[in-house]
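Here's the structure we're looking at; comments come further down.
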Amino acid sequence: MRVRRLAPILLLAVLAAPLAAQNPECAALSNAQNARQNCDAAVDLTRAYHPIAGLLVSGGNPLLGSQSTMGGLGHFALSLRANAASVVIPALSVDGSNNVAQSDKLLAPVPLVEGALGLFKGLRSGLLSLDLLASAQLVPNEKVVDEIRVDPDAPRVGPVSLGIGYGARIGLLGGDGALPGVAVSLMRRSVPQVGFGDLAAGDDLAADLNLHATSLRVVAAKRFAVLTVGAGAGWSKYTGDVTATFRNNDTGLPETIALRLDQSRTVIFADAGLDFKVLKIVGEIGHQSGRDQHLITNFQGFDDTKGTTFYSAGLRFGF
C-alpha cells in the first residue's frame, strides 16, 4: 500500500539541519568504515528530505483562493486542502560507495484544514486590514499507519493526530478596480513528535522528531467574474529537534545522535480557481528552491540542488 511505504520517508525527511561537509556527528566513527557510512547516510538522508517535509506542511498560499484579506469582522473562511510533491523513496541501504538506491517515486499528499477570520476591515483600499489565520495538519497515527508512532499526548481526533498552525495576514490592497488584492502573511506551523523505525525489530534506522515551519508569504490575486487567479512568493524556515538511531554494523549495536534542525528555502507559486461566492474550488502549483548541501551520500534519483515542485488543491467555504 503506497501510504504505508510513504510514511518512512516523510518521517525521516525532517531529521537534521545543514551540517559541515564531513558530518561531525559521525566523526567518532572515522575508523569504522561501515558504521561511518551508515551514520553519514542517516544524517544526509534527513538533511536532503527535511525541506520537502516542511514544504508539504506549508505549501504556498496560506489560504487557497484568497483575493486579499477577509474584509473585517463577520467574515470567515474554512478550507479543506491537500499539498503534494513528487518524492523519491530511497531503499535505506548503503553500498560500499555511499550510494543509496531508489526504491520508488510517488506523489506524496498531506491533508490540511485551514481557516481565516476577519478582524479589521482596514483603511480605504484595504490598507492594513487584518485576518487571523489557523491551520491543522492531519497526521495519521499508528492506528492508521503501522510504521509510525506519534506522541501519545498530541491532540487527536479519532485516528488522526493534529499539528497546529497559527498566524496573521495584513492587507496592502483590497483588489478594487483594476488593481489586484495584495496581502502579506506570516504563519507558524508545528507537527507533533513522531517516530519511525525499530532497531529491536531488525530496522537499521529509527528516529523520533518534531517539525516547526515559519512561513512568510506575499500574495497578489484578482477576481474576474467566477475566475480567481493569483501569484505569490515567500520564504520558509524549517526547524526542530531529532533523536536518530542507526545500527553500527561493526559492533552490531545501536548508536544514537541528537540533531538540531534549521534550514530555509524560498518559494514561488500561482493559484487559479472558480469562485462561487460561498464555495471556491482552487488549485495551486509552485516551486521551492533547492540548495547544494554537499551531501556525502548519493541518493539515486534525487538532486537537492533542483528544488521541489509542489501542487495543492482544495475546497474553500466562507462569507
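Structure notes:
- Of residues in segment 267-290 being exposed (fewer than 14 other Cβ atoms within 10 Å of the Cβ) and not aromatic (Phe, Trp, Tyr), the one modelled with the lowest pLDDT: Lys277
Per-residue answers, yes or no, for (1) at pLDDT 95 or above; (2) more than 16 Å from the chain's Cα centre (by Cα):
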position	(1), (2)
Ile148	no, yes
Asp153	no, yes
Gly158	no, yes
Leu162	no, no
Gln193	no, no
Gly197	no, yes
Ala206	no, yes
Ala213	yes, no
Arg217	yes, no
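- Sub-6 Å Cβ pairs linking a first residue in segment 36-62 that is within 20 Å of Leu259 (Cα to Cα) and surrounded by 24 or more Cβ atoms within 10 Å (Cβ to Cβ) to a second residue that is small (Gly, Ala, Ser) and modelled with pLDDT of 85 or more, at least 6 apart or interchain, are Gly54/Ala213, ordered by first then second residue.
- Of the residues making up segment 95-120, those that are at positive phi and loosely packed, with under 15 Cβ neighbours inside 10 Å number 0.
- Selection over segment 69-86 of residues that are of a type in the set (A, V, I, L, M) and out of contact with any Asp or Glu (no Cβ under 9 Å at 6 or more places or on another chain) gives a count of 4.
- Subset tally (residues that are more than 27 Å from Lys121 (Cβ to Cβ), outside any strand (DSSP E or B) and among the aromatic types (Phe, Trp, Tyr)) for segment 262-319: 1
- If you filter segment 229-245 down to residues that are buried (at least 23 other Cβ atoms within 10 Å of the Cβ) and among the hydroxyl-bearing types (Ser, Thr, Tyr), you find that the one that is nearest to Pro51 (Cα to Cα) is Tyr238.
- Listed by first and then second residue, the pairs with beta-carbon distance under 9 Å, at least 6 apart or on different chains, first residue in segment 267-280 and touching a residue at least 60 places away in the same chain (Cβ under 8 Å), second among the hydrophobic types (A, V, I, L, M, F, W, C) and not in a strand (DSSP E or B), are Val267/Leu55; Asp271/Leu64; Gly273/Leu64; Asp275/Ala225; Asp275/Val226; Lys280/Leu64.
- Only a single item in (1) over 18 Å from the mean Cα position of the chain (by Cα); (2) surrounded by fewer than 19 Cβ atoms within 10 Å (Cβ to Cβ) is not met by Leu259, and it is number (2).
- All positions within segment 87-103 that are small (Gly, Ala, Ser) and touching a Ser or Thr at 6+ places or on another chain (Cβ under 6 Å): Ala91
- Count of segment 222-258 residues, restricted to those that are outside any loop (DSSP other than H, G, I, E, B) and touching a Lys or Arg at 6+ places or on another chain (Cβ under 9 Å), is 16.
- Top-ranked residue in segment 96-144 [being at pLDDT below 85, assigned to a strand (DSSP E or B) and among the β-branched types (Val, Ile, Thr); ranked as nearest to the chain's Cα centre (by Cα)]: Val139
The values are calculated or read from the model by the stated rules, or taken from the named source; none is laboratory data. These figures come from a predicted structure and were not determined experimentally. With ideal geometry, Cβ positions are generated from the backbone for all residues, glycine too; neighbour counts draw on all protein chains shown.
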